[in-house]
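The values are calculated or read from the model by the stated rules, or taken from the named source; none is laboratory data. As the structure is a computational prediction, the values presented were derived from the model and not from experiment. A quick note on method: Cβ atoms are made from the backbone with ideal geometry, for glycine too, and the neighbour counts reach across all protein chains shown.
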Amino acid sequence: MGPTFCMTKNPTQWVKRNWVVLGLFGALLMPVSSGAGERVWTHPFDLPQPSDAPNTLLALIEIPAGSHVKYEIDPSHGHLMVDRVLKSNHRYPAHYGAIPSWAADDGDLMDILVVSDADLLPGALIKVVPIGVAVMHDQGDVDDKLIAIPAAQTTKTHSPPLAMAMLPPELLTQIETFFRQYKALDDGTNPIEWRGFEGWEGVMMRWCRDDRIALPNSPCPTP
């Protein structure tokens, strides 16, 4: 049974039944203190990255793994929107979202795929460690997707240096297949040009060279 929004005579029971929904929207609408006692709302896209970014990043999940519904957090008002429903055989192979405060080449936030078996809700924030990039172009423009794993997972099952080789080959195939197919049109045309996977260290060197690390604490050497 899905959550009900009809208040009962027992508010405590209603809250218990709907705690997931309340937590999700509470996280998206939570006010942040300005430091002077005034409470101000911060758009999730504007949340700061950790001091050691991009070694550790704060990822904003918009679409859970396995979903064929493409959710997006609206950049104007910050609410979760349904962008479109994909064909039933196209399901996101990993949790998909964005990196707050990091603008990509197209002006939108940098996209990210978070590989985790945990059930993550749209709107959830999670600290992750990048391990590589899915390199692709969309309608001729660079549209790379970072690939990362939860930071908590690195301390339990893996230790640096982390690499794409730690991911199962079948998952990489699923990621490639998804992005090769999910925007394909009925006439056979496809705006996505798949370029393959690249390890994080190589990406960092290339992005530093091309001045694409748009973070407050850039790891790139000063010229």
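Points to keep in mind about this one:
- Within the range 54-71, tally of residues that are part of a strand (DSSP E or B), free of Cβ contacts under 8 Å to residues at least 60 places away in the same chain and either among the basic types (K, R) or crowded, with 16+ Cβ neighbours inside 10 Å (or both): 3
- Tallying residues that are free of Cβ contacts under 8 Å to residues at least 60 places away in the same chain and crowded, with 17+ Cβ neighbours inside 10 Å within the range 81-103 yields 6.
- Any hit, the range 32-45, residues being at pLDDT 85 or above, closer than 26 Å to V114 by Cα and surrounded by fewer than 16 Cβ atoms within 10 Å (Cβ to Cβ): yes
- Identity of the residue in the range 104-116, outside any loop (DSSP other than H, G, I, E, B) and hydrophobic (A, V, I, L, M, F, W, C), that ends up surrounded by the fewest Cβ atoms within 10 Å (Cβ to Cβ): L109
- Checking each residue in the range 76-95 for being part of a loop (DSSP other than H, G, I, E, B) and over 15 Å from F178 (Cβ atoms) picks out S76, H77, G78, H79.
- Considering the range 37-57, and only residues there that are among the polar types (S, T, N, Q) and out of contact with any helix residue (DSSP H, G or I) (no Cβ under 6 Å at 6 or more places or on another chain), the residue that is nearest to L162 (Cα to Cα) turns out to be N55.
- When residues in the range 88-116 are screened for being modelled with pLDDT of 90 or more and polar (S, T, N, Q), 2 of them pass.
- Some residue of the range 151-164 being farther than 24 Å from D46 by Cβ, modelled with pLDDT of 95 or more and part of a loop (DSSP other than H, G, I, E, B): no
- Some residue of the range 117-130 being at pLDDT 90 or above, surrounded by 15 or more Cβ atoms within 10 Å (Cβ to Cβ) and of a type in the set (D, E): no
- Matching residues in the range 169-188 - criterion: being closer than 18 Å to P64 by Cα and among the acidic types (D, E): E176
- Selected residue (only one of E176, E198 is buried (at least 16 other Cβ atoms within 10 Å of the Cβ), part of a helix (DSSP H, G or I) and at pLDDT 90 or above): E176
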